[in-house]
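**Q** I'd like to ask some things about the structure below.
The values are calculated or read from the model by the stated rules, or taken from the named source; none is laboratory data. Owing to the predicted nature of the structure, the values given are computational and were not obtained by experimental measurement. Cβ placement follows ideal geometry from the backbone for every residue including glycine, while neighbour counts extend to all protein chains displayed.
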Amino acid sequence: MPYPSAQRPLRLLQDSLQRTAQTFPDKIAIISGVDRISYGQLWQRSVQMANALKSRGVRRGDRVAIYLDNTWQCAVSVFGSLLADAAFVLINPQTKSDKLAYILSDSAARVLIAESALLRCVQPALAQLESTPYLLVAGPVPAGTQAESLKTAWASASDTPPQPANIALDLASLIYTSGSTGDPKGVMHTHQSMRFALESLVEYLEITYQDRIICVLPLSFDYGLYQLLMAVHTGAALVIERSFAYSAQIFNLLESEKITVFPGVPTVYAMLLAGDEKSPLRFPHVRKVTNTAAALPASFNQRLQKIFPNAALYRMYGLTECKRVCYLDPTLIDQKPESVGKAIPGTETLLLNDQGLPVAPGEPGKLYVRGPHVMLGYWQQPDKTDHMLHPGPTLGEKMLCTQDYFTADEDGCLYFVGRSDNIIKSRGEKVSPTEVEAVLYSLPGVREATVLGVPDAILGQAIQAIISLTEGADLDETKIRKFCAQRLENHMVPSHILLMPDLPKSANGKIDNKALAAMLAN
Amino acid sequence: MEPRQIIRNYILENFLFVDDPSAIADDDSFLEKGIIDSVGALEITVFLEQCFGFSVKEEEMLPSNLDSVNNLVAFIAKKQKGAERALPISTTTAALVAG
């Protein structure tokens, strides 16, 4: 009898799409507004995209930057880049010109695929670059713009899948994330690390081709991206929406599309609970509700279970540097309502003290992560990489230091304690105070500036800026917010601005954030 | 001030941070143009409730009601008309008699 696995192993991230398109060519892959794209169409468009990218100069290992809304064109751009042996770089569509220029320059992107409506941010960004990427535009290309429309590029592209040159160790994606020190860093993930994380997620969430997943989180956020990857890997349907802004529309979709998987962050759940208080919500089709990015208040558990009476609620924790760390088995949620559970399948977590020794149950320790899902490092940032990747138990292994403190109970289930750095989590997104402060200090008239996270019922933490001005400076709260809004993504713009004549200092002359936090708490 | 002007000023000041009225067209989608995000829509409803004195129901959180200056103006008109209809009979009758 022949060996049963005539099936080729899946090695590259795009192999999932090829397999699913062969298995379910007519099954709906993506529902985005009025568009419904089958797996066969998604594969065909992705192949055309790959060939178009290759004929426009993209070579193996190049980066392709994608600055698109949550649309099926964005999914095609992701898989097209992979099929062209390039690494994709998804950029949040709320990113402003300066940061866009930084990411394009840092990643040295060969091609930029941008939304037509976002060209007003693209043009000033490109003007800052020494060498500009080739510009492809989704939607109309205004006269006089040096760019080509996606439609034109696809129309002339071949339908023959290109032969892959990449192997599993090659770079699949750079995901930019805010760090505690200044500029964002590109997290390097290989095909291997992403495939491993993807299969582990699919395993414990038990996603199948019968699932219907809704994604209201941006695809530029890895939690959003993996909804697409999970759908493609299993043949599930993905309903993508630009945002959770118009909640009634999302609620209608949950019903009309019979959604079975609902991924959210605490801000989305806080809005959902606020809506439920106005008029009760019930979504009986939903089978799985997942939370990550920031700790879900335990008080949400029971209220969410009422809204989703037939769903398992997954409390999870992760960071872009390894995609996902742990999840709580949903059957334990009443027993351990605050826990984020244990390591995802095929991985291990360690809680270590400052001497690198395991801590006892109940004692806080720094959380370390071992597994094939750990990132390769930060793009062109060896020092920052060394801060996060430490030698592991196996010779030559790198394990990830999350820089977060946790405790574990007698069963090994994890509880978040706090961060070792000053990163703020607002709307589930990391905000670097340094990045916001750098923008504030670039505003003429600002003498001193510091940024803190303050508790907020919807946002988790809201951004609070405390500022002192130079003499005669003509600045007020509105002018400062305007300056920030032109340079920072919405979630980084301070919600609260406090002007003080002088900021309190600690003994060594540094701005005393502890004193400020205590003052604000009162 | 007309509702349209109130809405335009509010969006310009609080989301676009500019005085230039040409920064937004009346039929620009707030979401597509990146003017608001999920929390922004919530802020708009709070503003509507405070400024126009009606409450926005959960099922009204739709782009057709909220996602452009034009949609907001139409939504306000619809809500205000609804509020008039909800007036007690006696007042309405009195108004009819007086009219």
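**Q** Do you know which of the residues in region A:260-275 that are among the hydrophobic types (A, V, I, L, M, F, W, C) and over 18 Å from A:LEU225 (Cα atoms) is nearest to the other protein chains (Cβ to nearest Cβ)?
**A** So in region A:260-275, the residues among the hydrophobic types (A, V, I, L, M, F, W, C) come out as A:261-262, A:265, A:268, A:270-274.
Checking which are over 18 Å from A:LEU225 (Cα atoms) leaves us with A:270-274.
Working: A:ALA270: 10, A:MET271: 7, A:LEU272: 10, A:LEU273: 11, A:ALA274: 8 Å.
Step by step, filter region A:260-275, then rank; the result is A:MET271.
**Q** Then there's this: All but one of (1) within 13 Å of another protein chain (Cβ to nearest Cβ); (2) assigned to a helix (DSSP H, G or I); (3) touching a residue at least 12 places away in the same chain (Cβ under 8 Å) hold for B:LEU48, so report the exception by its number.
**A** (1)
**Q** Let me confirm something: among A:VAL58, A:VAL47, A:VAL78, A:VAL64, which residue is more than 14 Å from chain B (Cβ to nearest Cβ), under 28 Å from A:ILE103 (Cα atoms), in a strand (DSSP E or B) and not charged (D, E, K, R)?
**A** On the way: A:VAL58 fails: in a strand (DSSP E or B); A:VAL47 fails: in a strand (DSSP E or B); A:VAL78 fails: in a strand (DSSP E or B).
The conditions single out A:VAL64.
**Q** Which of the residues spanning region A:402-417 are closer than 14 Å to A:GLU348 by Cβ and surrounded by fewer than 18 Cβ atoms within 10 Å (Cβ to Cβ)?
**A** If the condition is that a residue be closer than 14 Å to A:GLU348 by Cβ and surrounded by fewer than 18 Cβ atoms within 10 Å (Cβ to Cβ), then A:GLY412 is the only one that fits.
**Q** Now, a different point. Condition first: within 28 Å of A:LYS278 (Cα to Cα), in contact with a helix residue (DSSP H, G or I) (Cβ under 9 Å, 6 or more places away or on another chain) and more than 10 Å from chain A (Cβ to nearest Cβ). Can you find one or more residues in region B:11-23 that meet it? Break it down stepwise before answering.
**A** Of region B:11-23, the ones within 28 Å of A:LYS278 (Cα to Cα) are B:11, B:14-15.
Applying the additional criterion that residues be in contact with a helix residue (DSSP H, G or I) (Cβ under 9 Å, 6 or more places away or on another chain) yields B:11, B:14-15.
Remaining after also requiring more than 10 Å from chain A (Cβ to nearest Cβ): B:11.
Yes, the conditions are met somewhere in region B:11-23.
**Q** Name the single residue that is surrounded by the fewest Cβ atoms within 10 Å (Cβ to Cβ) among those in region A:225-238 being under 19 Å from A:LEU90 (Cα atoms) and in contact with an Asp or Glu (Cβ under 9 Å, 6 or more places away or on another chain).
**A** Pass one, region A:225-238, residues under 19 Å from A:LEU90 (Cα atoms): A:225-232, A:238.
With the extra rule that they be in contact with an Asp or Glu (Cβ under 9 Å, 6 or more places away or on another chain), the set shrinks to A:230-231.
Working: A:MET230: 23, A:ALA231: 28.
Of everything passing the filter in region A:225-238, A:MET230 is surrounded by the fewest Cβ atoms within 10 Å (Cβ to Cβ).
**Q** Among residues belonging to region B:53-75 that are more than 11 Å from chain A (Cβ to nearest Cβ) and touching a helix residue (DSSP H, G or I) at 6+ places or on another chain (Cβ under 6 Å), point out the one that is surrounded by the most Cβ atoms within 10 Å (Cβ to Cβ).
**A** Going through region B:53-75, the residues more than 11 Å from chain A (Cβ to nearest Cβ) turn out to be B:53-54, B:68-70, B:72-75.
From the residues that got through so far, the ones that are touching a helix residue (DSSP H, G or I) at 6+ places or on another chain (Cβ under 6 Å) too are B:54, B:69, B:72-73, B:75.
Details: B:PHE54: 16, B:VAL69: 21, B:LEU72: 24, B:VAL73: 18, B:PHE75: 21.
Among those residues, the one meeting the criterion is B:LEU72.
**Q** Can you find a residue that is within 30 Å of A:ARG282 (Cβ to Cβ), away from chain B (no Cβ under 14 Å) and hydroxyl-bearing (Ser, Thr, Tyr) anywhere in region A:174-197? Give the steps one after another, and end with the answer.
**A** Within region A:174-197, the first condition is being within 30 Å of A:ARG282 (Cβ to Cβ), and the residues that meet it are none.
No, there is no match, as no residue in region A:174-197 is within 30 Å of A:ARG282 (Cβ to Cβ), away from chain B (no Cβ under 14 Å) and hydroxyl-bearing (Ser, Thr, Tyr).
**Q** For region B:31-45, how many residues are out of contact with any helix residue (DSSP H, G or I) (no Cβ under 6 Å at 6 or more places or on another chain), more than 7 Å from chain A (Cβ to nearest Cβ) and either among the basic types (Lys, Arg) or closer than 18 Å to A:GLN94 by Cα (or both)?
**A** 1
**Q** Same structure, new question: Yes or no: region A:421-439 includes at least one residue that is farther than 24 Å from A:PHE300 by Cβ, surrounded by 19 or more Cβ atoms within 10 Å (Cβ to Cβ) and within 14 Å of another protein chain (Cβ to nearest Cβ).
**A** Yes, region A:421-439 contains at least one residue that is farther than 24 Å from A:PHE300 by Cβ, surrounded by 19 or more Cβ atoms within 10 Å (Cβ to Cβ) and within 14 Å of another protein chain (Cβ to nearest Cβ).
**Q** Taking only region A:485-509 into account, find how many residues are without any contact (Cβ under 8 Å) to a residue 24 or more places away in the chain and either among the acidic types (Asp, Glu) or over 26 Å from A:GLY460 (Cβ atoms) (or both).
**A** Number satisfying all stated conditions: 5.
**Q** Restricting region A:98-122 to residues that are over 19 Å from A:SER81 (Cα atoms) and of a type in the set (Ser, Thr, Tyr), which is nearest to the other protein chains (Cβ to nearest Cβ)?
**A** If we take residues in region A:98-122 being over 19 Å from A:SER81 (Cα atoms) and of a type in the set (Ser, Thr, Tyr), then A:SER116 is nearest to the other protein chains (Cβ to nearest Cβ).
**Q** Just to be sure I understand, how many residues within region A:96-130 are farther than 23 Å from A:VAL439 by Cα, of a type outside the set (Val, Ile, Thr) and under 20 Å from the mean Cα position of the chain (by Cα)? Before the answer, list the steps.
**A** Going through region A:96-130, the residues farther than 23 Å from A:VAL439 by Cα turn out to be A:108-117.
So of that shortlist, the ones also of a type outside the set (Val, Ile, Thr) come out as A:108-110, A:112, A:114-117.
With the extra rule that they be under 20 Å from the mean Cα position of the chain (by Cα), the set shrinks to A:109, A:112, A:114-115.
Residues flagged as farther than 23 Å from A:VAL439 by Cα, of a type outside the set (Val, Ile, Thr) and under 20 Å from the mean Cα position of the chain (by Cα) within region A:96-130 amount to 4.
**Q** Please tell me if B:ASP67 is out of contact with any Phe, Trp or Tyr (no Cβ under 8 Å at 6 or more places or on another chain) and touching a residue at least 12 places away in the same chain (Cβ under 8 Å).
**A** When the stated conditions are applied, B:ASP67 does not pass them.
**Q** Just name the residue that is farthest from the other protein chains (Cβ to nearest Cβ) out of those in region A:276-303 that are more than 19 Å from A:ASP456 (Cα to Cα) and within 25 Å of the chain's Cα centre (by Cα).
**A** A:ARG287
**Q** Here is a further query. List every residue pair whose Cβ atoms sit under 7 Å apart, with the two residues 6 or more apart in sequence or on different chains, where the first one lies in region A:70-86 and is farther than 24 Å from A:ILE167 by Cβ and the second, anywhere, is part of a helix (DSSP H, G or I).
**A** Filtered contacts from region A:70-86: A:GLN73/A:LEU150.
**Q** OK, next. Regarding region A:175-189, can at least one residue be identified that is surrounded by fewer than 22 Cβ atoms within 10 Å (Cβ to Cβ), at pLDDT 95 or above and polar (S, T, N, Q)?
**A** no
**Q** Only one residue in A:ALA143, A:ALA117 is of a type in the set (Gly, Ala, Ser) and either assigned to a helix (DSSP H, G or I) or buried (at least 16 other Cβ atoms within 10 Å of the Cβ) (or both), so which one is that?
**A** Details: A:ALA143 fails: either assigned to a helix (DSSP H, G or I) or buried (at least 16 other Cβ atoms within 10 Å of the Cβ) (or both).
Going through A:ALA143, A:ALA117 in turn, just one is of a type in the set (Gly, Ala, Ser) and either assigned to a helix (DSSP H, G or I) or buried (at least 16 other Cβ atoms within 10 Å of the Cβ) (or both): A:ALA117.
**Q** Regarding A:LYS514, is this residue under 20 Å from A:GLY182 (Cα atoms), away from every other protein chain (no Cβ under 14 Å) and without any contact (Cβ under 8 Å) to a residue 24 or more places away in the chain? Give the derivation first.
**A** Values: under 20 Å from A:GLY182 (Cα atoms): no; away from every other protein chain (no Cβ under 14 Å): yes; without any contact (Cβ under 8 Å) to a residue 24 or more places away in the chain: yes.
No; evaluated as a whole, the condition is false for this residue.
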